[in-house]
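Take a look at the following structure, please.
Each value in this text was obtained by applying a stated rule to the coordinates, not by laboratory testing. Everything numeric here is computed off the predicted structure, so don't read it as measured data. Using ideal geometry, Cβ is built from the backbone for each residue, glycine included, and neighbour counts are taken over all protein chains shown.
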Amino acid sequence: MGTWGTGISSNDIYEDINYEFFELYNQGMEVSAITEKLIQENKELIDSHEDQNNFWITIAKSQWECKSLDPKVLNRIKDIVESGKDIELWKELDASQSDLTKRQKVLDSFLKKISNEKKTSRKRKVKKSRNAIFEKGDCLIFKLSDGDYCGAFVLESEKETEFGLNLIAVTDIKQSEKPTEKDFENAKLLFRLEQQINKEFKPKEQISWYYAQHFKKSETEFEKIGQLKVNKDYHSNKDHQSFSNWDNLKLFQDEFYSDFENNKCKNKIKLSSLRKKYWLQQRI
């Protein structure tokens, strides 16, 4: 399900669908047309017992922001919340009682919020060109809550685009001493296990795109300690279709290492392989 918190937006589906919705909205497309397009393109999510709730919650939130909440979509949310379907799903995924309580409060608050029409519609944003925050090949470090350093590597840096996206891979670097460029040369891509509805766990690579315009709001302090050559080009419209917020880099890591034994997996890919033109997944 790709969920890292009890909040409405704390899951991969919200990140992806919300991004697609407002990208089309800012291009001038009507809300009804956007909704139909996203429904047609995401049949797999809609048919998934595990993912459908987050899909419809995201659609409802996006429509409400534009003062165009479809009554049928609102009724879907009422059913999800009032029937307890979403809480049952979280129980199936072995959520703690604390998280179940928090999730129920979040759902009740969300339903109450969208049941009242928003005072003003979200304005369409005029596109402007941006450059990515970091350069391709930058080796970034930041501190986790336990004081250790971890490393993230910049695979791509967009220039003069609407969002100025950076594609960033989280590495397995975690150490008390400040990492060096050499540590990045020897680093591996970080995977974490995510539980599926059938109780199985599947590995997920920690690679996402990050927006230039959101960087100023980030509370995480990043430091560049070196730069390595990247010969491969990545494109935000087709490669690693995951979009996230800067502070999630730290949140993901904190969550991962807080329960390391249950989150770790056997997938091992060298960071160096992601820098090559032809990505050879080296499993060691």
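By its C-alpha gyration tensor, with a ≥ b ≥ c as the square roots of the eigenvalues, how is segment 165-284 shaped: rounded for a/c under 1.5, else prolate for a/b larger than b/c, else oblate?
Working: a/c = 1.22, a/b = 1.13, b/c = 1.08.
Rounded, since a/c falls under 1.5.
Could you give the length gained on full extension between Asp94 and Glu205, defined as 0.36 nm per residue of separation minus the Cα-Cα distance, in nm?
37.7 nm
List the pairs from Lys125/Lys216; Lys178/Lys270; Lys105/Lys125; Lys105/Lys238; Lys128/Lys270; Lys123/Lys159 whose alpha-carbon separation is above 28 Å, in the order I gave them.
From Lys125/Lys216; Lys178/Lys270; Lys105/Lys125; Lys105/Lys238; Lys128/Lys270; Lys123/Lys159, over 28 Å: Lys105/Lys125; Lys105/Lys238; Lys128/Lys270.
For every helix of n ≥ 4 consecutive DSSP H residues, a contribution of -39,500 (n - 2.57) applies; sum these over the chain, divide by its total residues, and give [θ] at 222 nm rounded to the nearest 500 deg cm²/dmol.
Values: 11 runs with 106 residues, N = 284.
Result for the chain, helices only: -11000 deg cm²/dmol.
Could you give the length gained on full extension between Gln27 and Glu82, defined as 0.36 nm per residue of separation minus the Cα-Cα distance, in nm?
Additional length available on full extension: 16.3 nm.
Can I ask one more? Rounding to the nearest 20 debye, state how big the charge dipole of segment 154-215 is about its Cα centre with +1 on each Lys and Arg Cβ and -1 on each Asp and Glu Cβ.
The calculated dipole for segment 154-215 is roughly 360 debye.
Give me the percent relative contact order of the chain, please, defined on Cα pairs under 8 angstrom at least 6 residues apart.
Working: 485 pairs, mean separation 46.5, N = 284.
RCO, the chain: 16 percent.
Rounded, prolate or oblate: pick one for segment 1-106, where a ≥ b ≥ c are the square roots of the eigenvalues of its C-alpha gyration tensor, a/c under 1.5 means rounded, and failing that, prolate if a/b is larger than b/c, else oblate. Can you show the working numbers first?
Working: a/c = 1.97, a/b = 1.81, b/c = 1.09.
Prolate shape, in that a/c is at least 1.5 and a/b is the bigger ratio.
Once you put a point 7 Å from the Cα of Asn186 and another 7 Å from the Cα of Lys224, both along the Cβ direction, what distance in nm separates them?
About 2.5 nm separates the two model spin labels.
Can I ask one more? Mind listing the long-range amide H neighbours of Glu194? Cut-off is under 5 Å, sequence gap 5 or more, other chains count too, H placed in the peptide plane at 1.01 Å from N.
Close amide H contacts, sequence-distant or interchain: Lys202, Lys204.
In nm, to one decimal, how far is the modelled label at Asp247 from the one at Thr120, with both set 7 Å along Cα→Cβ?
2.4 nm
Lys67 versus Ser129, label points 7 Å from Cα toward the beta carbon: distance in nm?
The answer from the label model is 3.4 nm.
Then there is this: Report, in listed order, any pair from Lys78/Lys217; Lys61/Lys143; Lys202/Lys224; Lys37/Lys61; Lys72/Lys119 with a Cα-Cα distance greater than 24 Å.
Those over the limit are Lys78/Lys217; Lys61/Lys143; Lys202/Lys224.
Multiply the residue gap between Lys264 and His235 by 0.36 nm, knock off their C-alpha separation, and tell me the result in nm, one decimal place.
Contour length minus Cα-Cα distance gives 7.6 nm.
Tell me whether segment 57-174 comes out rounded, prolate or oblate; compute the Cα gyration tensor, take square roots of the eigenvalues as a ≥ b ≥ c, and use a/c under 1.5 as the rounded threshold.
Judged from the Cα gyration tensor, segment 57-174 comes out oblate (a/c at least 1.5, b/c at or above a/b).
If you put +1 on each Lys and Arg Cβ and -1 on each Asp and Glu Cβ, how big is the dipole of the chain around its Cα centre, in Debye rounded to 20?
Roughly 700 debye, rounded to the nearest 20.
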